[in-house]
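These notes concern the structure reproduced below.
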Amino acid sequence: MLGAFVMCPREAWFMSRAISPEEDNYFLTVGRLIHEESYLYMSLKEIEIEGAKIDFVTEKNGEVIVAEIKKSSKSVESAEIQLIYYMEKLKEIGINLTGQLRFPTEKKIISITFDEEKERFLHSKIAELSKVISFEVPPKIVETSYCKKCGFQSLCFS
């Protein structure tokens, strides 16, 4: 929900009400396939914490790496906030690690370090998200280029 909030507060509001995106959305399907088919050669473990699924956790040279896999780096801010959230949750239970944003179709990996600045950014976004999901009605539509690919498009534009 936090990653969605960065892209579109309205989408996060829908998610907070357990309103699901259209399952047959082409872009969601492609994203699922990229997640399932990428990095099959690696020994990866998807894990779940507090209702969130981390794409994979692995170890390399004694270092724990947690990663988020995305179709495109166009939504890097959304992917980063999601990863920072996971990193904080794992740090709370005593797991220190390195984060990676992975964009397999672009053959791109961005390393993320959890520091005080990222922690402050995370908490400010969580506060903003909490405010938005407390609204009785969804936030107004703010049309962006992201809307064309959104699984909630029919809720906003029909």
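Coordinate-derived values only; no laboratory data. Note that the coordinates shown come from a computational prediction; the quantities given were computed from them, not determined experimentally. Note that each Cβ is placed from the backbone with ideal geometry, even for glycine, and that neighbours are counted across all protein chains shown.
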Handout entry: Amide H contacts of Ile49 (H built 1.01 Å from N, under 5 Å, at least 5 apart or other chain)
Key = Ile54
Exercise for the section: List the relative contact order of the chain as a percent without decimals, with contacts defined as Cα pairs under 8 Å and 6+ residues apart. Expected result: 28 percent
Exercise for the section: Amide H neighbours of Val64 under 5 Å, at least 5 residues apart or on other chains, H built in the peptide plane: list them. Expected result: Thr98
Fill in the blank from the handout: Matching label for the computed mean projected area of the Cα convex hull in nm², out of (i) 14.1; (ii) 9.9; (iii) 12.6, is (ii)
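In what order do Met15, Met87 fall by count of nearby beta-carbon atoms within 10 Å, going from fewest to most?
Result, fewest neighbours first: Met15, Met87.
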Practice task
Run through the DSSP bridge list for region 2-157 and note the antiparallel percent, rounded to the nearest 5.
Solution key: 75 percent
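Which pairs in the list Lys70/Lys118; Lys108/Lys140; Lys118/Lys140; Lys108/Lys148; Lys108/Lys131 are over 31 Å apart, alpha-carbon to alpha-carbon?
Lys108/Lys140; Lys108/Lys131
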Handout entry: Taking Ser130, Ser16, Ser73 and counting other C-beta atoms within 10 Å, the order from fewest to most
Key = Ser130, Ser73, Ser16
